[in-house]
Amino acid sequence: MQAPLWRSVAVFRFASLGYASVLLVVDRAMYEHVPLAWAILAGMAIWTVATSIAYATPAWRTRPLLALDVVVTAAALFSTDLVQKPLSIQHAVMPLTATWIAGPVLAWAVAEGVWAGMASGLVLGVCDLTLRHQPLTQAYRSPELNGSVLLLLSGAVVGYVSTLTTTAERALQRATEIEAASRERERLARGIHDSVLQ
């Protein structure tokens, strides 16, 4: 039952990659090194394809892959410092990754639940605030905090939905096992009853 959640994560990643591409075209004046930005975006596209294939296979949904996903996404986020004009970063222009940064948060939430989703959201949220050169002690007054809070909340909500899905799947499996056992008992009882009558 978790398969649709993993497909949703893949769809989100491709859609947010498209959004990042559109922003790069629209806001190209905010970038000092546009070719490098496109190269990084190409790397993000390759990583999106790789993780979508890997997460589609249950055996590959491991913690090392999930951790690597966070590291690659953080590296793509920090690459914004290399390609955007410094004033763009300080004036809250969307980073190179745009909403693509939420991909690992959703993946951790689906794989491990609420706390893992929130933890990865917190890590990437702190990375985002660090990119903005905001002192963490004053981050609570910064409008850039909204993105970090959204990452945290999305990790919590998707993690909760994933936990509910897993619980429902177990309950359905248990109910199916009980029903199969009841049918087998009824079949045996009928067989015994018929043989006694004979």
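Provide a single number: the residues in region 86-98 that are open to solvent by 50 Å² or more (accessible area, probe 1.4 Å) and part of a helix (DSSP H, G or I). Lay out the reasoning, then the answer.
Quick first cut of region 86-98, residues open to solvent by 50 Å² or more (accessible area, probe 1.4 Å) only: 86-87, 90-92, 94.
Those left that are additionally part of a helix (DSSP H, G or I): 86-87, 90.
Result for region 86-98: 3.
Just checking: which of the helices (runs of 4 or more DSSP H) contained wholly in region 1-85 hold 3 or more residues that are open to solvent by less than 30 Å² (accessible area, probe 1.4 Å)?
Fully inside region 1-85 and qualifying: 3-26, 34-56, 63-78.
Looking only at region 111-119, decide whether some residue is acidic (Asp, Glu) and either open to solvent by 50 Å² or more (accessible area, probe 1.4 Å) or touching a His at 6+ places or on another chain (Cβ under 6 Å) (or both).
Yes, region 111-119 contains at least one residue that is acidic (Asp, Glu) and either open to solvent by 50 Å² or more (accessible area, probe 1.4 Å) or touching a His at 6+ places or on another chain (Cβ under 6 Å) (or both).
The values are calculated or read from the model by the stated rules, or taken from the named source; none is laboratory data. Nothing here was measured: the structure is a model prediction, and the numbers come from that model. Note: ideal-geometry Cβ built from the backbone for every residue, glycine included; neighbour counts use all protein chains shown. Note: areas computed on protein heavy atoms with side chains; ligands, DNA, RNA excluded. Shrake-Rupley method; radii C 1.70, N 1.55, O 1.52, S 1.80 Å.
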